[in-house]
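Okay, structure first, notes after.
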Amino acid sequence: MTARRGRRHPVRRPGGRARRRGHRAREQGWPPAVAVAVGLALALAVLRWVADHPWTLAFLLLLTAAVLAARELRRRDAARWRRIRESGLRYALGQLDALHHREFEFAVRDLMRRDGCADARQVGGRGDNGADVKATDPYGRLWVIQCKHRRDGWSGKPVGTPDLHVLNGTGRQVHHGDVLVMLTNGRITQDAARFARSQRLHLVDRHLLAEWATGARPLWDLLRALPPG
């Protein structure tokens, strides 16, 4: 005799319906009340941790203040340079003579920025390796400028050959400059001028500085024998 094959019913596994309900609940997301409760629990945990570590709050406040201050300084600096470009920066020789030597370097930086060197910066100080101002002109040439300020102007101590040795030794090898400049509001000796020509250094004395600082022509239009851009 052959047994009749009855219709097979699907085997129901325990917990299957509960798993499907849980899956649908996960797809629908947490109920608002649960989400609020979790958020409050996390907030309380954070507040409790901060209370146990009060220095972190002070650090975060200082960091936030520093970021906001840096943004404000950048905004003011950008606005200042917009005004300079619009009005045209000028310096009289008497103004330059009265400056501190560090202020003189910043004045040279400002004049380079006026002429289109957006990245011009003052770098002079201890360990500057002969560079007081560095800037990239619109032609892509890197300028390395050493500044020699003389409070007595033309009557002060002249710039001599020894003053050029550091610039000549570091301007290309250390700073990778394309245009190396010795700039002063005073005078330059004849020996220094000959040495500069032999080493492809460029000199800006009081007369040339006056033409640059009080005029509207960029420094690269006033110097000769510059490398190509």
**Message:** Looking at (1) part of a helix (DSSP H, G or I); (2) open to solvent by less than 80 Å² (accessible area, probe 1.4 Å); (3) within 22 Å of Asp163 (Cα to Cα), which one does Leu226 not meet, given that it meets all the others?
**Reply:** (1)
**Residue list for the stretch 190-218, filter: over 18 Å from Gly153 (Cα atoms) and open to solvent by 40 Å² or more (accessible area, probe 1.4 Å)** = Asp191, Arg194, Phe195, Arg197, Ser198, Gln199, Arg200, Ala216, Arg217
**Item:** Which listed residue is in contact with an Asp or Glu (Cβ under 7 Å, 6 or more places away or on another chain) and surrounded by 14 or more Cβ atoms within 10 Å (Cβ to Cβ), from Leu99, Leu111, Leu89
**Value:** Leu89
**Item:** Residue within the stretch 123-131 that is modelled with pLDDT of 95 or more, open to solvent by 10 Å² or more (accessible area, probe 1.4 Å) and of a type outside the set (A, V, I, L, M, F, W, C) present
**Value:** no
**Fill in**
Of the residues in the stretch 103-117, those that are within 13 Å of Gln146 (Cα to Cα) and charged (D, E, K, R) come to Glu105, Arg109
**Request:** Return the only residue of Gly39, Gly22 being at pLDDT below 75 and either of a type in the set (Phe, Trp, Tyr) or over 23 Å from Ala216 (Cβ atoms) (or both).
**Result:** Gly22
**Asked** Of all the residues that make up the stretch 42-59, how many are aromatic (Phe, Trp, Tyr), at pLDDT below 80 and surrounded by 10 or more Cβ atoms within 10 Å (Cβ to Cβ)?
**Response** 1
**Message:** Quick test of your reading of the structure: Arg90 fulfils all but one of (1) under 30 Å from Ala118 (Cα atoms); (2) assigned to a loop (DSSP other than H, G, I, E, B); (3) at pLDDT below 80; (4) not hydrophobic (A, V, I, L, M, F, W, C). Name the failing condition by number.
**Reply:** (3)
**Prompt:** Can you find a residue in the stretch 146-155 that is open to solvent by less than 50 Å² (accessible area, probe 1.4 Å) and in a helix (DSSP H, G or I)?
**Reply:** yes
**Request:** Determine if the stretch 206-223 includes at least one residue that is hydrophobic (A, V, I, L, M, F, W, C) and farther than 24 Å from Gly94 by Cα.
**Result:** no
**Complete:** Of the candidates Gly130, Gly88, the one satisfying the condition of being more than 16 Å from the chain's Cα centre (by Cα) and in contact (Cβ under 8 Å) with a residue 60 or more places away in the chain is Gly88
**Asked** What single numbered condition from (1) over 21 Å from Phe106 (Cα atoms); (2) open to solvent by less than 20 Å² (accessible area, probe 1.4 Å) fails to hold for Thr184?
**Response** (1)
**Message:** Scan the stretch 202-221 and tell me whether some residue there is in contact (Cβ under 8 Å) with a residue 60 or more places away in the chain and at positive phi.
**Reply:** no
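The values are calculated or read from the model by the stated rules, or taken from the named source; none is laboratory data. Everything numeric in this text was worked out from a predicted model, so none of it was measured. FYI the Cβ positions are ideal-geometry reconstructions off the backbone, even for glycines, and counts take in every protein chain you see. The protein model used for the area step is the full one, side chains on, heavy atoms only, and it has no ligands, DNA or RNA in it. Shrake-Rupley method; radii C 1.70, N 1.55, O 1.52, S 1.80 Å.
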